[in-house]
Amino acid sequence: MKAHRITLLAACAMAASLSMAQTPAKIKVGLMLPYTGTYAALGIAIENGFRLQIAEQGGKIAGREIEFVKVDDESDPSKATDNVNKLVKRDNVDVLVGTVHSGVAMAMAKVAKDTGTLLIVPNAGADIVTGAMCAPNIFRSSFSNWQPAYAMGEVAIKKGAKKAVTITHKYAAGDESVKGFREAFEKGGGQIVKDLSLPFPGVEFQALLTEIASLKPDVVYTFFAGGAAVKFVKDYAAAGLKKSIPLYGAGFLTDGTLDAQGADADGLFTTLHYADSLGTARDNAFRLAYAKTYKMQPDVYAVQGYDAAQILAIGTAAVKGDLSKKAEFASAVEKAKIDSPRGPFMLSKAHNPVQDIYLRQVTGKENKLVSVAIKGLADPARGCKM
Ligand code: BEZ
């Protein structure tokens, strides 16, 4: 009897250790996103999109379950290095996914580069991340700040604008967005008469709007997103400027914000790598699944989160779940055509999406597709040596 019990216990222990050996460890995903502050809704949409994609794959990536370690980065660059170091060194995450704010993303890219940790950027457009800081282990599922801005510079010229004023938050994303717009606008013979800005995340626009009224440009180009975009669009209309000076923007101005902006956003033209009415089977299926799961409409941030998970799945499948094989992971992702709701795209050599930039116009609660402003636009990846 005693011998029988010992054998049974030994068998149980063996079975347990066998099943442990057969169940691959979970993939630890370090989600570093803003969950508070002006970009909170953007962080939530990214996480929603990321989780939706994984759910569509049966809740696993290449047969491995996922464990999330989440950090609210508050869109605060001064806390970014500590936050990302905690994920990498304390929590030992296999992959970092983040973030929204360009300044925070630059700190993430530095740590990823120094430690070799995989990083997938699901929003922040900081040009340098897929420019001078480009690295084999860093990927972006979103855009570079240059891309939608450059496209809007061309659109403004085609619409006949000659003089523009720009207005944005004073940080990498705003500065680079204005620079991208300027490049195309000046190439087409336009002139920027004044660059206006205020510190991130301030929303005291009144004095700047008064200055715009007195400068009387043909158009205003702007980069604002999230809560600040809502307030800026409303203040621009309240100041009476919407009637007299067309407001153009990188599409973040009106993405995920239309419920709050209401009629004040109606008619605005923006450029972005997504629109609400693409009408493709792929996008329709994504939008339906997202709306069913989260009881709200998706936006560009949800798409970028979804595609970050697709990039992770493609790389992880290629290395059969062994994320230490970084070179094989990268080579699979570099060859892949990503079946995005925005339309299929591939990554450039610098690992930034080469993608169509759409001209959209706000109609009711939608950023309606007007045309493809620039087809297959690749970021110039200035300074990338890879
Ligand atoms: C950025 O900081 O890169 C950014 C933030 C919000 C929307 C788009 C870009």
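What follows is calculated from the coordinates using simple rules that are stated; it is not laboratory data. Everything numeric here is computed off the predicted structure, so don't read it as measured data. No Cβ is skipped: glycine too gets one built from the backbone with ideal geometry, and neighbour counts run over all protein chains shown.
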Point to revise | Residue satisfying all of: in segment 90-124; among the β-branched types (Val, Ile, Thr), in contact with a strand residue (DSSP E or B) (Cβ under 9 Å, 6 or more places away or on another chain) and in a helix (DSSP H, G or I); nearest to the ligand (Cβ to nearest atom) among these | key: Val104
Review point. Could we say that Leu42 is more than 12 Å from the ligand (Cβ to nearest atom), closer than 29 Å to Glu176 by Cα and touching a strand residue (DSSP E or B) at 6+ places or on another chain (Cβ under 9 Å) here?
Key: no
Exercise for review: Mind listing whichever residues of segment 170-200 are touching an Asp or Glu at 6+ places or on another chain (Cβ under 9 Å), within 16 Å of the ligand (Cβ to nearest atom) and of a type in the set (A, V, I, L, M, F, W, C)?
Suggested key: Ala172, Val178, Leu198
Review point. Are any residues in segment 207-253 in a helix (DSSP H, G or I) and within 12 Å of the ligand (Cβ to nearest atom), and if so, which ones?
Key: Gly226, Gly227, Ala228, Ala229, Gly251, Phe252, Leu253
Revision key, fill the gap. Taking segment 125-169 and keeping residues surrounded by 24 or more Cβ atoms within 10 Å (Cβ to Cβ), among the aliphatic types (A, V, I, L, M) and either within 11 Å of the ligand (Cβ to nearest atom) or farther than 22 Å from Ile212 by Cβ (or both) leaves Ala126, Val129, Ile138, Ala149, Ala151
Point to revise | Filter pass, Gln191 being polar (S, T, N, Q), more than 28 Å from the chain's Cα centre (by Cα) and over 18 Å from Leu268 (Cβ atoms) | key: yes
